[in-house]
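In what follows, a single structure is set out as structure tokens and then discussed.
The values are calculated or read from the model by the stated rules, or taken from the named source; none is laboratory data. No experiment lies behind these values; they were computed from the predicted model shown. Here Cβ is always computed from backbone atoms with ideal geometry, including for glycine, and neighbour counts include all displayed protein chains. Each accessible area value is taken on the protein alone, full model and side chains, heavy atoms only, with ligands, DNA and RNA left out. Shrake-Rupley method; radii C 1.70, N 1.55, O 1.52, S 1.80 Å.
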Amino acid sequence: MNLIEGDYFGLEFQNHQKMMVWLDHIKPIIKQLRRPKHTILRFAVKFFPPDHAQLLEELTRYLFALQIKQDLSCGRLTCNDSSAALMVSHIIQSEIGDFEESQCRSHLLNNNYIPDQMPLIDKIMEFHSKNIGQTPAESDYQLLEVARRLEMYGIRLHPAKDREGTVLSLAVAHTGVLVFQGHTRINAFNWSKVRKLSFKRKRFLIKLRPDLNSSYQDTLEFLMASRDCCKVFWKICVEYHAFFRLFEEPKPKPKPVLFTRGSSFRFSGRTQKQVIDYVRESEFKKIPFERKHSRVQHNSRLSPLPSPRHHEVPTERGAPGARVDSPPRRHWKESVLVSAEDPSISQTTRTSPFHQRNGHEDRTGSVSRTEETRGSTPQPHPEHLSTGVVSNSPHLSASSGHSHGMVNGQKSLELCSHSPNGRQPSPLTSPLLNDACSVRTDDEDEVRRKRFPTDRAYFIAKELLTTERTYLKDLEVITVSFQSAVGQDEATPDSLKNTILSTFEPLHKFHTGFLREVEQRLALWEGRSNAHIKGDYQRIGDVMLKNLQGLKPLTANLHKQSEVLLELEKACRASRKLEGLCRDFELQKVCYIPLNVFILRPLHRLIHYKQILERLCKHYPATHVDFRDCRAALADVSEVVDQLQGSLVKMENFQKLLELKKDLLGVDNLVVPGREFIRLGCLSKLSGKGLQQRMFFLFNDVILYTSRGMTATNQFKVHGQLPLHGMTIRESEDEWGVPHAFTLVGQRQSVVVAASSLTEMEKWMEDIKMAIETAKTSNGPSSDLLTSNLSDNKCPEDSSVEAESEDDMTASHTSLERPAPHRGNTMVHVCWHRNTSVSMVDFSIAVENQLSGNLLRKFKNSNGWQKLWVVFTNFSLFFYKSHQDDYPLASLPLLGYSVTIPSESENIHKDYVFKLHFKSHIYYFRTESEYTFERWMEVIRSATVPTSRTRVLNSKESHPH
């Protein structure tokens, strides 16, 4: 089936006792099927992840959508009428395309998608009319987005009774074992609470971990129909636990010498973490999966299409109006029924190199355990914390030209619109990043060297071009995406709409023209006309001088950036609906960094112009034709930057407080006049239970410490606060016997913490000492930091351990009232997973060190180089297929990484290559020139080399040259 993420699926069949069971991969089939000739194996989803964003392949999501479609039609996936109608509207959008009333009504009258469909036809049509423009892939995505929020999503009920004889059902999910009464969930036992699952004859036993407040162990008992029923359910629980909770496939137990006791059954196959790591880190060669709307009317006479090519997905035999180059998608019945006796019934697809594997060979790949974790809960992979940027986008459309690599003869892939991701655990590489078409040969390199200029000034000008492209895209996030998301809503005040419009529209218009001029000049500079012989076009200063003088009238608008921030914050406080709209927008892939950062982009861009002009002036001799224009342009931009510098510092601090406010749970008034953010990061706090990982936030008046649970909101829960007034700090490694430990002694409490390294400890102690000294002489914020759940500045944090360990918070909510998701890829979360810290100084330096351009990337164990458009900002690399893309396909937060030059032993026989590595993760990147190599090394080092407050001035003053 050309299915990379096949581990989510299985083959189920009805055994001789009429129970549905899964085919065991490591057990001979003949021992499992009593009557093979009469057994039907059904291909179905076996493991349902909490979020379809964890599915990185479009083909995988398509198969999940087919499973949802089947569950809906058979009544297994129950929900209210509104949800059912919405899901059916996405299904028919993927099948027949855009809404046409007569066609839609006819289709619904002839096809049943839900048991009682007739009363809902009008509602389905209403929803369908709103889906115009959605591709089949987008429809699948939206269908899964609705389905995953339902109570019965992925639930397979197993009849049981409790000790009192009450009729119940048991089920298992990624979170643990669930108990249902009818179709209502009445209890949930998270894996963190379950000590052991077992069965004894008809009794299914759940042993819970001892409660913190009692000394006895709780054992729950359920009665099932037979011992075999118990064993079937127990096996499924074992597999679910292993798949979602373990890092690696469990090792088989040694066989006993004399006699066996109990079941030897174990989970076999890759865990979810291994699957995700494999897809993200391997350069597999696969056939992309794409299709178009089939426009199938099932009541019509079917006319055969030409038979599909050998590498196409098997499809229905045809339909009126179906084009030859876009065969209709298969229907579930055709794709899932396989006779155990006659495998030739199913049509074959071309086997890709990925599928030429056997046994456990594919499990080795590049899978590695990359994060040290406490307990058995795997932490999200450190590389993929960015969730907007979360996963392979389903939003693909056809572009010109055929590709022999397509599954069903469709055209090549191209990115288009965006969609909210909901909760995003893990921004993600995509199969698009592993496209063989993007590998550039050495011959092409040779052609480039002969054709393009090698002058350093050309590459400096090219940096202007590449970063201007990214900047214009960032402006469009506000002028196009954000305005369309919230601008039409009545919850958005007119004053806010007008402020955004008047501030950003003129800038967008201006920079569109500026970019066009830069592109034209670079095209001439590269020698695509005879003008380069005279050297008339081998300069950029005149273009910059002209445009910076044209930008001067718009600098008045740049003072309004603070107004936009203030007005947006004020409007969100006044309207919960607008706050929700903004939060939903931040979860979209196009908003790849926090929304407020986009608002400050115009101020940051002026600093970048200044840096580029400084580099040009340093490179040119005074006699160069371009020197005078560059120097005049530098004087103009420096004047504007100096005027805005004071307000920029305040706005960056304000923006950072607003961002932190979203990440913290339990703080009422973090953003107050006079409060300044200094540092955030991970420290281990010493308590009665030993060292516990905590997130600390240092401000100029207080230190907050928090913990992060696997909660629906992705936020950090505040446990306590330490006012800086009257605080002292001392090293206490010898006192407690803990490496890199120091003690914070406050007026009301003392806290012992340990840093992950000596460098981290020094940074924290330096900043805290400085903040304590400042607090002695200044009044600080005008109001105390109040938290909604801390009455005496201290929280009994030990009592909250249960809530931290698993999805307990979500368990107490129904599917309709779950807390709204928040971004899970901010720097706070990166620091948490990388066990490090960043300061406001780091953020300020990061603003100046931004870069965009094409890079060639290679993994440690691969041969080919992939050409990618890469944007470096906010301490992360964001990967795109090309600079025209609206949002990144993947991201790589760089905190904790090291950047070096490959050694001889690594056999990288190419020029201008740098290496990024963190634990077992290694990436190689190639640049096109010495200048671009130096620049990428410079900006990446700014994110990977720890900064110290003692060298703030040097860092701030020595702009990269």
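Summary table below
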item	result
Simple label model, 7 Å out from Cα along Cβ direction - Ser882 to Leu205, nm	6.4 nm
Per residue solvent-accessible surface (Å²) - region 157-245, probe of 1.4 Å	51 Å²
Fraction of accessible area attributable to carbon and sulfur, region 157-245 (%, probe 1.4 Å)	48 percent
Mean Cβ count within 10 Å, highest first, over the residues of peptides 666-672, 652-658	652-658, 666-672
Prolate/oblate/rounded call for region 157-245, Cα gyration tensor, a/c under 1.5 rounded	rounded
Whole-number accessible area per residue in Å² for region 6-148, which is evaluated in the context of all protein chains at 1.4 Å	41 Å²
Surface share of carbon and sulfur [accessible, 1.4 angstrom probe, percent] for region 458-662	52 percent
Efficiency of FRET between Asp122 and Asp668 - r from beta-carbon atoms, R0 45 angstrom, step 0.05	0.45
Kirkwood-Stokes translational diffusion coefficient of region 6-148, alpha-carbon pairs, 20 °C, 1.002 mPa s, µm²/s	128 µm²/s
Value of Rg/Rh across region 458-662 [Cα atoms, Kirkwood radius]	1.04
Length-normalised contact order for region 822-885 - Cα pairs under 8 Å, 6+ apart - percent	23 percent
Carbon plus sulfur fraction of accessible area for region 6-148, probe 1.4 Å, in percent	51 percent
Overall form of region 668-776 per C-alpha gyration tensor (a/c, 1.5; a/b vs b/c)	oblate
Accessible area of region 618-669 divided out per residue, in Å², using a probe of 1.4 angstrom	48 Å²
Net lengthening on full extension, Glu164/Glu731 (0.36 nm per residue, minus Cα-Cα)	198.2 nm
Cβ-Cβ FRET estimate between Arg105 and Asn80, R0 fixed at 22 Å, reported to 0.05	0.45
Rounded if a/c under 1.5, otherwise prolate or oblate - region 850-942, Cα gyration tensor axes	rounded
